[in-house]
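The values are calculated or read from the model by the stated rules, or taken from the named source; none is laboratory data. These figures come from a predicted structure and were not determined experimentally. A quick note on method: Cβ atoms are made from the backbone with ideal geometry, for glycine too, and the neighbour counts reach across all protein chains shown. Please note that ligands, DNA and RNA were not included when accessible areas were found on the heavy atoms of the full protein model with its side chains. Shrake-Rupley method; radii C 1.70, N 1.55, O 1.52, S 1.80 Å.
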Amino acid sequence: MSRWRPILGGCLLIPLALVTPQSLSAGHGALHLNLALRPGLDFLGIVLLAKIAACVVALSSGFRGGLFFASLFLGSVVGQAFSIIAGQLVPGLELDATDAALVGMAALSVSIVGGPMTLAMLMLEITHDFALMGVVLTASLVSGTLTREVFGYSFSTWRLHVRGSNIRGPRDIGWMLNLSAGRIMRRDWVSMPEDLTIAEFRARMPLGSASKAILVDEAGHYRGIMATAAAYRPDLAPDMRLHALAGLTNVTLSPASDIKAVLALFDEHAADEIAVVDGVGTVQG
């Protein structure tokens, strides 16, 4: 059955092409033609419905490509239609159809392919108009936020899910998958004995020298993290031991932990820093 899907999809595209040729291909020529001729609202509505139907047929039939520029074309149609409707609803309001098309291109493309800053920079490169850039960036951020709140991720990310990929956002893409806690950990940490008194700690580690200290026992095993500022609270007794101020005492990472495990642990404990320890509990970073 799968080998017949492209043939069936091609047959379904024929009547759409008869309605308007703008429903076919990615829409490069159609986009420029519409911006130049400024068609009416009825025609834009027909093009919008036909193009959406063509995209659905093409994607469900297994055809490749066309996602990015098709989203730009659909966004330009929506933007032009919006400029006409706004002018009809608010007498005297004249929105430039080209500017509205550019804003619509960026906003709809963010919902479909993601990348609000990429689309905003693309529009700035096209127009060199910083005033329009602010509107484009605002529309892109609103579109991306609504898409994430309502659906969870962009349409292109959903297509990756359909293909078996567990990608939800930029964290899961590319070289980051190869990162581990051992590769990205800091090595300039400061360690202090957990049984050190507050007075001794203040003498060894003045304010401003380091933001945190790693507490260790006599054998050098990890016993927690303590913020330097916490030891300078005026209500603390000078003979108080540091282990009473330790945090994240049972939260550690191994050098082999991948970036997903690292980020999940940071999110779970709302921590800024987590110690990386080896198999016997010795602090590595």
(message) Could you tell me how many of the residues in region 41-68 are touching a Gly at 6+ places or on another chain (Cβ under 7 Å), at pLDDT below 85 and surrounded by 17 or more Cβ atoms within 10 Å (Cβ to Cβ)?
(response) 2
(request) Output the residues belonging to region 205-220 that are under 13 Å from Asp195 (Cβ atoms) and either free of Cβ contacts under 8 Å to residues at least 24 places away in the same chain or in contact with a Gly (Cβ under 7 Å, 6 or more places away or on another chain) (or both). (result) Leu215, Ala219
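Could you check region 37-53 and list, in sequence order, the residues that are closer than 28 Å to Asp96 by Cβ and of a type in the set (Gly, Ala, Ser)?
Hits for region 37-53 are Gly40, Gly45, Ala50.
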(request) State all residues of region 219-237 that are outside any helix (DSSP H, G or I) and modelled with pLDDT of 85 or more; if no residue qualifies, say none. (result) His221, Tyr222, Arg223, Gly224, Ile225, Met226, Ala227, Arg233, Pro234, Asp235, Leu236, Ala237
(request) Can you run down the residue pairs with Cβ atoms below 7 Å, 6 or more apart or on separate chains, where the first is in region 70-99 and more than 16 Å from Leu132 (Cα to Cα) and open to solvent by less than 10 Å² (accessible area, probe 1.4 Å) and the partner is outside any loop (DSSP other than H, G, I, E, B) and among the charged types (D, E, K, R)? (result) Phe73/Lys51
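Scan region 118-154 for residues that are assigned to a helix (DSSP H, G or I), touching a residue at least 12 places away in the same chain (Cβ under 8 Å) and open to solvent by 40 Å² or more (accessible area, probe 1.4 Å) and report the count.
8
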(message) Take Asp195 and tell me if it is in contact with a helix residue (DSSP H, G or I) (Cβ under 9 Å, 6 or more places away or on another chain), at pLDDT 85 or above, surrounded by fewer than 17 Cβ atoms within 10 Å (Cβ to Cβ) and of a type in the set (D, E, K, R).
(response) yes
(message) If I go through region 217-242 residue by residue, how many of them are among the charged types (D, E, K, R) and either closer than 13 Å to Glu200 by Cβ or surrounded by 15 or more Cβ atoms within 10 Å (Cβ to Cβ) (or both)?
(response) 3
(request) Test each condition in (1) at pLDDT 80 or above; (2) open to solvent by 80 Å² or more (accessible area, probe 1.4 Å) for Trp158 and report the one that comes out false. (result) (1)
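To keep it simple, each residue is scored yes or no on (1) open to solvent by 20 Å² or more (accessible area, probe 1.4 Å); (2) among the polar types (S, T, N, Q); (3) touching a residue at least 60 places away in the same chain (Cβ under 8 Å).
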residue: Arg3; (1), (2), (3): yes, no, no
residue: Ser23; (1), (2), (3): no, yes, no
residue: His28; (1), (2), (3): yes, no, no
residue: Ala36; (1), (2), (3): yes, no, no
residue: Gly104; (1), (2), (3): no, no, no
(message) Let me confirm something: among Ala36, Ala26, Ala17, Ala81, which residue is within 25 Å of Ser154 (Cβ to Cβ), assigned to a helix (DSSP H, G or I) and among the small types (Gly, Ala, Ser)?
(response) Ala81
